[in-house]
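Peer 1: Below you'll find the structure I mean.
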Amino acid sequence: MSLILPHIERMAAYEAGDYLEAGGEALKLNQNESPYPASPKVLEALRGITEEELRRYPDGRSGQLRSALASRFNVEESQVFCGNGSSEIIALLFKLMIAPDSRVEIPDPSFMLYHTAAAVNRIEVVPVPADEDFSIDLDRLGESGEQAIVLVNPHAPTGRLLPAEGIERLLQRFRGLVIVDEAYIDFAVPGASVLPLIGRYSNLVVVRTFSKSYALCGARVGFCVADAAVVAALDKGRDVFNINAVSQKLALAALEDEAYMQHTAEAVRRTRESFCRELAELGFDFIPSQTNFVLCGPPARSGALTARQLYDKLQESGIYVRYLKHPRLVDKLRISIGTDEEMERVLKELRRLTGQG
Ligand SMILES: *Cc1c(COP(=O)(O)O)cnc(C)c1O
């Protein structure tokens, strides 16, 4: 008899982008991390951690952080939940808010962690194929008795923005849980978030993270804004001390330096736009991105390298990008946006590898 539960035995493990030791020569553009350091205020907070803060248990509620987030987003503290990365929040939403054996609709392709959370909790994923150009028809969602819908906005791994009005139309007719993962929203045009709709729709959960725009992937802090009843449910299921004392302080300091985050996000947006112009010059096609990455496909000339070959060659020259195992993404690479200098290094290599350099 196997010790492993059958649904766990059957499921595929989540595959993150390759981890690389910090400080190496390689250019790491495979996990959509920030190329810029976190705010100097964050590094100051890190240096200010006291012996006592390490010796004591942290505030399990992350109360100060919740309170600061509530003021920032103009909601009640009871509508804010903080997690050990938004990954924990995603896991908790599936575990506590969606019944086993029910169905969740997810546009396809999408962020694979949702599939992992579904499989662990014996929830069925109903993939809704994106259109030819990878746009997602929101008006087609929620028509067949699903218990929940998961949207990523701007979408991953395509980078495409979903219209907020479309999400609101969905909320007006769909009564199940609507999770909107806004991990990349700070890189999008202003006004793209549906967070202002919290309070009007009790079934809406907006998930955010300090990982990307606040440059704190390693600290593991995410949050969500939702109806107070949803937050209360998440609080029952979380680890009692889910965010460590150090990370709570760092996230708080990051939040207090909003101007710095906006400044670095703007730098990423500028680099993204110039990188995409250069990609077009090289004959790559790409999806217009509102995130800190670009999903692109190399020119399909005869004799040209395939996306997979390009991925391997880039890696040989120390540039790590992402090649995603999905039937619709076999001819694509997902490249995180670094600094201008870093993207120049990528372009130089791409020019060489496509015989244009
Ligand atoms: C990077 C990312 C996250 C963030 O995960 P954390 O656990 O907060 O680091 C969430 N959702 C999507 C779609 C992402 O790409």
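The values are calculated or read from the model by the stated rules, or taken from the named source; none is laboratory data. Every value quoted in this text rests on a predicted model; they were computed, and no experiment measured them. Note that we place each Cβ from the backbone using ideal geometry, even for glycine, and neighbour counts take in every protein chain shown. Ligands, DNA and RNA are stripped out before the accessible areas are found, and what is left, the full protein with its side chains, is counted by its heavy atoms. Shrake-Rupley method; radii C 1.70, N 1.55, O 1.52, S 1.80 Å.
Peer 1: So, in nm, how far is label residue 74 from label residue 59 when the simple model puts each one 7 Å beyond its Cα toward the Cβ?
Peer 2: According to this spin-label approximation, the distance is 2.4 nm.
Peer 1: In the full protein assembly as shown, how much of residue 5 is accessible to a 1.4 Å probe, in Å² to the nearest 10?
Peer 2: 90 Å²
Peer 1: Kindly sort 71, 86, 274 by accessible area of their heavy atoms, largest first, with the probe set to 1.4 Å.
Peer 2: Descending accessible area places them as 71, 274, 86.
Peer 1: Rounded if a/c is under 1.5, else prolate if a/b beats b/c, else oblate: with a ≥ b ≥ c from the C-alpha gyration tensor eigenvalues square-rooted, which is the stretch 272-357?
Peer 2: On the way: a/c = 1.28, a/b = 1.10, b/c = 1.17.
Rounded.
Peer 1: Provide the percentage of antiparallel DSSP beta bridges, counting only those with both residues in the stretch 40-257; round to the nearest 5.
Peer 2: 35 percent
Peer 1: Just how much of residue 227 is accessible, in Å², when a 1.4 Å probe is used and the result is rounded to the nearest 10?
Peer 2: Residue 227 has an accessible surface of roughly 60 Å² with all protein chains in place.
Peer 1: Please list 2, 110 from largest to smallest accessible area, probe radius 1.4 Å, with all protein chains kept in place.
Peer 2: I get 2, 110, largest accessible area first.
Peer 1: How large is log10 of I(q)/I(0) for the stretch 29-148 at q = 0.14, 0.23 Å⁻¹ when the intensity is taken from the Debye formula with one equal scatterer per alpha-carbon?
Peer 2: Scattering profile of the stretch 29-148, log10 relative to I(0): -0.91, -1.27.
Peer 1: Taking 7 Å along the Cα-to-C-beta vector as the label spot, tell me the residue 280-residue 344 distance in nanometres, rounded to one decimal.
Peer 2: Each label point lies 7 Å from its Cα, and together they span 2.2 nm.
Peer 1: Let me ask something else. Once you order the gyration tensor axes a ≥ b ≥ c over the Cα atoms, which shape class does the stretch 137-267 get: rounded for a/c under 1.5, otherwise prolate or oblate by comparing a/b with b/c? Before the final figure, lay out the partial values.
Peer 2: Working: a/c = 2.23, a/b = 1.32, b/c = 1.69.
Here the stretch 137-267 falls in the oblate category.
Peer 1: Per residue, what accessible area does the chain have, given a 1.4 Å probe and all protein chains present, in Å²?
Peer 2: On the way: 16760 Å² over 357 residues.
Computed with neighbouring chains in place, this is 47 Å² per residue.
Peer 1: Is the stretch 139-179 best put as rounded, prolate or oblate by its Cα gyration tensor, with a ≥ b ≥ c the root eigenvalues, rounded for a/c under 1.5, and otherwise prolate when a/b is larger than b/c, oblate when not?
Peer 2: Because a/c hits 1.5 or more and a/b exceeds b/c, the stretch 139-179 counts as prolate.
Peer 1: Can you give the accessible area of residue 256, probe radius 1.4 Å, in Å² rounded to 10?
Peer 2: 130 Å²
Peer 1: Over all distinct alpha-carbon pairs, what is the Kirkwood Rh of the stretch 40-257 in angstrom?
Peer 2: Numbers: mean 1/r = 0.0564 Å⁻¹.
One decimal place: 17.7 Å for the Kirkwood radius.
Peer 1: Moving to a separate point now. Any chance you could check the Cα centroid distance between the stretch 280-357 and the stretch 1-30 for me, in angstrom?
Peer 2: 23 Å
Peer 1: Given a 1.4 angstrom probe, I'd like the percentage of the accessible area of the chain that is carbon and sulfur, rounded to a whole number.
Peer 2: Working: 8640 of 16760 Å².
With neighbouring chains kept in place, the figure for the chain is 52 percent.
Peer 1: Further, regarding this structure: Any lysines with Cα under 28 Å of the residue 348 Cα? List them, leaving off those in the same chain fewer than 8 positions away.
Peer 2: Result set, ordered by chain and number: 28, 212, 313, 325, 332.
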